[in-house]
Each structure stands twice: as structure tokens, then as C-alpha cells.
């Protein structure tokens with residue numbers, strides 16, 4: 001049985017950031033990876049996907065973007081190259097093709113059952129990602145037979161879809177991107193919209209992520225956020241990683257001919273029924289966007305930047321067609337595919353340590369799993385700050401978690 | 001200048017609501033509520049509904065008193081108009097729910113309310129309920145609610161207040177989303 005001080009599970013950006021922090025502290029460790037480095041990016045993302053964050057912001061511990069397009073957005077292939085290069089550069093002890101089947105509590109820490117061996121470690125860091133499984137609502141079971149169902153994990157491009165209309169359910173970044181791409185390919189798209197986050201790609205000449213960082217919003221700590229549960233479950237903002245498209249919000253989709261309807265409530269006898277709350281859902285998103293833009297403008301004024309930035313302005317409110325249908329007959333042949341852009345969730349089913357809440361999510365305090373000393377988690381939305389949702393959040397998150405882990409090792413030795 | 005810093009008071013015990021939220025998150029089964037009403041036919045289209053008990057917080061609960069509601073149709077429907085119509089009770093429910101929400105959210109956001117008035121309308125073509133036109137639905141085509149709010153807050157804050165009250169309203173959810181309804185004969 002192999003013994004090590006720390007086992008990191010997952011060689012994505014979070015696991016590798018942690019590996020680097022452990023190396024800095026000379027903590028003996030191994031990184032177990034079910035596939036190759038950056039596996040989810042290689043196998044579970046559609047090729048046209050680009051990061052929401054601009055290149056200059058996509059940092060990892062000890063590494064900054066050094067390419068010639070700091071204001072661009074990495075495509076999936078670039079993300080794979082970046083993460084793979086990082087693994088090599090930091091000399092991370094990654095064992096690829098090593099699927100972890102179980103993690104259990106053991107007298108000296110934890111017992112990890114991997115591909116064909118059992119490892120013992122005093123500490124375990126879970127960095128297996130936030131988006132292993134597609135979170136589909138129960139209504140997905142009621143899609144009538146001739147209509148096919150698809151999740152973004154299996155989606156690659158519109159050519160895999162049968163001819164006909166597509167109902168995209170969910171208006172997060174994933175939903176609006178795929179609705180736009182599929183609609184442009186010639187499949188008429190209907191987009192079912194629940195609670196969503198509207199933001200412009202750029203504002204006053206700067207990328208919205210520049211504003212989110214500059215105003216301090218991304219740095220807001222998890223223990224200072226009023227409603228943490230809500231913050232952790234917020235849909236991703238309606239953004240696309242392209243500079244050409246100023247907005248990929250509902251108004252831009254409507255202008256391109258995508259039909260917007262309310263949240264999908266249920267499907268009865270093949271009839272999809274949508275919520276009549278769409279106007280309020282859109283009003284809430286507009287209000288929230290404007291609250292942030294107000295904060296951005298106030299910050300710009302206080303920081304004395306009004307002279308060098310273009311003047312403030314506001315975006316047109318989200319248009320909701322008063323004739324928006326409340327029902328759609330899925331048996332009529334008009335819709336041939338339903339795409340469930342209803343979010344993702346981590347897969348921690350292999351974790352045999354009782355640390356999950358009733359919804360199957362790990363209970364943790366900023367990445368420290370308090371119910372199981374020595375167990376840590378990284379790479380989840382708003383783990384320690386609002387930046388944790390994005391790649392660069394791992395820079396400070398891994399630092400904090402590694403520091404806690406280091407102290408834990410010391411206290412156990414005494 | 002001695003304007004006393006009077007605490008914002010809309011008569012809503014926000015602390016109790018926040019405490020309840022925390023306690024019920026830890027004991028989710030206590031958060032299961034069943035609301036009840038019973039209705040007895042009088043004559044014609046006139047009925048009387050009563051509301052007294054409900055289940056929640058893991059036990060049987062009682063209102064302070066039994067509330068009674070006469071339900072009827074108006075005289076232009078050849079009825080006796082002994083009470084509001086059922087569809088008007090739906091409007092009453094929605095208006096009451098949204099207004100309670102406005103007060104609660106205002107309290108939570110430290111907004112002092114001076115007056116809140118909601119006028120609510122439901123548009124309906126009665127050819128649907130008369131069975132005269134299969135293309136006309138029975139229920140409302142649309143409902144409009146108009147809030148007149150006097151408060152120590154900007155227009156934007158008041159709009160946000162009203163939007164948030166819709167977001168957290170049970171009746172708003174009931175009328176905007178499909179609900180499973182089971183009607184059986186005992």
C-alpha cells in the first residue's frame with residue numbers, strides 16, 4: 001500500500017494549482033487523474049466554447065498569460081494546452097488514467113482506492129470539478145418519445161442534431177451560447193428562460209471581468225456574502241467569449257430570431273408549459289445588472305477614472321413579447337430536440353466519507369471539510385471568493401487551502 | 001439638525017423570518033406545510049368557505065379564529081351576489097401575497113413604507129367558461145397588478161422591491177406556473 005502525505009484528486013486547473021502549493025511547502029503528494037490532464041476540457045466541452053474570462057485574467061499560481069492576445073478568450077483547445085503546459089512546468093506528480101473508486105476515512109487519515117491499488121494519505125484534496133454531471137430537472141423524464149434529449153456534456157455542434165426545432169432549457173452562459181450557435185446553424189430555437197444573470201461583454205470600453213475585478217466584486221469572500229447558498233447556485237452570466245458580440249443577452253437572441261419563453265414548468269401529454277413569470281424574471285435580471293453598473297460607475301468616479309473612460313450609459317431593458325406563448329406542443333414535430341442547459345453538478349458519489357448535505361453537496365467552510373479533518377475541496381463556485389468560480393480563483397484558494405492543510409499536518413504530528 | 005434615527009418599522013418581524021429560515025434549513029421536514037379550506041354549498045352559485053386549521057412546523061396549527069368567505073356570482077350572471085366571485089378571490093390572494101412580500105422585503109432592506117396600494121385586474125373572455133368558443137380558455141388571459149408605493153426609497157429601489165416580492169411569492173408562483181391538481185369524490 002502506497003503511503004503519501006497528500007492525495008489530490010483531479011488534474012485540472014484546481015488540482016494542479018494545489019499540487020504547486022504543496023510542492024512549495026515540500027509536502028509529499030500525488031495527483032490522481034481519471035483520464036489525461038485537463039480531462040473534462042478534453043472530453044466534456046463543446047469545441048466552440050471559450051472561457052468567459054479574458055486571457056489576462058486567466059492566471060494560475062506562478063503563471064500569467066504570456067501570449068499576444070491578452071484581451072482574447074481561450075478556446076477549449078487553448079485551455080487544454082495551457083493546463084497541460086502548467087502541469088509540465090511545475091513538475092506535478094500526476095498519475096493519469098487512474099480513476100478513484102472510493103475515498104474512506106482511515107486511522108491515519110484516508111484510504112484511497114484508485115485504479116488497481118490502495119493509497120493511504122493523511123490528507124485528501126478533492127479537485128474533480130464542479131461540472132461532472134448535467135443537472136437535469138425531473139421534467140426531463142416527460143419529454144415525449146420522438147423528441148430527443150441532450151445535455152451540454154454530450155453536445156458538440158449543431159450537425160449532431162436531427163433536422164427541426166430545438167428547445168433549449170436554461171439561459172445561463174451555456175444556454176445562450178448554444179441557443180445562438182444552434183439557431184445560426186438553421187435549427188429554429190426556442191429558449192426557456194428562468195432566473196438568469198444579464199451582463200454586457202464590455203462596458204465603457206472595458207471587459208466586464210475587468211469591472212468585476214476592479215470593483216472588488218470578485219474578491220468578495222464567501223463568509224461575507226449575505227446569501228451564500230444563493231451565490232453558489234447562481235446561473236453563469238449570459239456572456240460569450242467573443243469581442244465581436246457586445247452582448248449575448250436575451251435581446252440579442254430575440255433580434256436574431258430566437259423565440260424566448262418562460263421557465264419550463266412541466267410537460268403534460270407532450271405539452272410543454274412555461275411560466276408566466278418571464279417579465280419579472282427579466283426585470284430582476286435588468287435590475288441586478290443595473291445595480292452592478294451603478295457600482296461600477298461609482299467606483300470609476302471614486303477612483304478618478306471618469307476622465308479616461310467613455311461616459312456611463314445603460315442598456316435597453318429586456319424585451320418580452322406580450323404574445324409569448326405559455327405552451328408548446330412537443331408532439332407536433334416542430335421541436336425535435338430538447339437541450340438541457342440547466343446547470344451542472346459535481347460528482348462525489350465515490351466519496352465514502354459522510355460529509356454531504358441532503359442534496360448530495362459537500363459541506364465545507366471555504367474548502368475546508370470541517371466534518372472530516374484533513375479533507376479539502378477546491379474548484380467549486382464561490383468556494384472562498386466570487387472568483388473561485390473562475391480559473392484564476394484557484395490562485396488564492398489553493399494558497400488558503402494549502403496553508404490550512406499544512407497547519408493540520410503540524411497539529412496532527414504533535 | 002436633530003432628526004432622530006428612528007428604526008425602520010413596517011410591522012414585519014424580519015428577525016423571526018430569518019431565524020425560521022435558518023432553523024428550517026436544519027430541519028427541512030418541519031418546513032412542510034399543508035394549507036386547507038373547506039367549502040359548503042348554500043344554494044345556487046352561493047357557497048361558504050371556511051379556513052381555520054393548517055399543518056406546519058411538524059404539528060397541527062390553528063388560526064386565531066375561523067375565517068369565513070361567501071362566494072357567489074354577480075347579478076348579471078343571474079345569481080344573487082352573496083359574495084365575491086371565485087376569480088376575484090384569486091386576485092385577492094395574489095394581491096395579499098405580493099403586498100405582504102413588499103412589506104417584508106422593505107423591512108429587510110431597511111426601507112420605511114408609508115403607504116402601499118395594489119390594484120389588480122384579471123382579464124377574461126367568458127365565452128370560455130360558457131363553453132361557447134373552444135379557442136377561448138376558461139381562466140384569465142392576463143393579470144395586471146399596479147402598485148402605488150409611498151416610501152423612503154428611490155424609484156429603482158421600489159421597483160426592485162416589487163420584483164423581489166414576486167420572486168418570493170407563493171401565489172404568484174401558483175398562478176404563473178403549472179400545478180398538479182387532483183380532484184376526487186370521497
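Laboratory data are not the source of any read-out in this text; all were calculated from the coordinates shown. It should be emphasised that the depicted structure is a prediction, and the values quoted were computed from it without experimental measurement. So basically every Cβ, Gly included, is an ideal-geometry build from the backbone, and we count neighbours across all protein chains shown.
Per-residue shielding of B:153-163, expressed as the average number of other chain Cβ atoms within 10 Å of the residue Cβ, stands at 3. For segment B:18-162, the relative contact order comes to 14 percent (Cα pairs under 8 Å, sequence separation of at least 6).
Ranked by how many other Cβ atoms sit within 10 Å of their own Cβ, fewest first, the residues B:33, B:54 fall in the order B:33, B:54.
The spacing between segment B:150-170 and segment A:268-285, judged by their C-alpha centroids, is 20 Å.
Treating r as the C-beta distance of residue A:363 and residue B:49 and R0 as 51 Å, the FRET efficiency rounds to 0.70. Between the C-alpha center of segment B:66-82 and that of segment A:174-198 there is a gap of 48 Å. Roughly what % of DSSP beta bridges within segment A:137-340 run antiparallel, to the nearest 5? For segment A:137-340, the DSSP antiparallel bridge percentage is about 35.
Cβ crowding within 10 Å ranks A:150, A:380, A:305 as A:305, A:150, A:380, fewest other Cβ atoms first. Which shape class applies to segment A:291-414: rounded if a/c is under 1.5, otherwise prolate when a/b exceeds b/c and oblate if not, where a ≥ b ≥ c are the square roots of the Cα gyration tensor eigenvalues? Judged from the Cα gyration tensor, segment A:291-414 comes out oblate (a/c at least 1.5, b/c at or above a/b). Note on segment B:83-138 and segment A:38-111: Cα centroid distance 51 Å, given to the nearest whole angstrom. Peptide B:167-174 shows a mean partner chain C-beta count of 2 within 10 Å per residue C-beta.
Rounded, prolate or oblate: pick one for segment A:337-410, where a ≥ b ≥ c are the square roots of the eigenvalues of its C-alpha gyration tensor, a/c under 1.5 means rounded, and failing that, prolate if a/b is larger than b/c, else oblate. Since a/c reaches 1.5 but b/c is at least a/b, the shape of segment A:337-410 is classed as oblate. Prolate is the label for segment B:30-84. Its Cα gyration tensor axes, ordered a ≥ b ≥ c, give a/c of at least 1.5 and a/b above b/c. Taken along the Cα-to-beta-carbon direction at a fixed 7 Å, the label points for residue A:154 and residue A:88 span 3.5 nm. Site pair residue A:299 and residue B:26 shows an inter-label distance of 3.6 nm when each label is modelled 7 Å from Cα along Cα→Cβ.
Counting beta carbons within 10 Å around each of B:135, A:71 and listing the fewest first gives the order B:135, A:71. Contact order, relative form, for segment B:30-84: 30 percent (alpha carbon pairs under 8 Å, 6 or more residues apart, mean separation divided by residue count). Give me the base-10 log of I(q)/I(0) for chain A at each q in 0.12 Å⁻¹, Debye formula, one uniform scatterer per Cα, rounded to two decimals. Cα-only, vacuum Debye calculation for chain A: -1.02. Taking every residue in A:260-267 and counting other chain Cβ atoms within 10 Å of its Cβ, the average works out to 2. Start at zero, step by 5 Å, and the Cα-Cα distances of segment A:1-111 spread as 2, 12, 20, 21, 18, 13, 8, 4, 2, 1, 0 percent across the bins.
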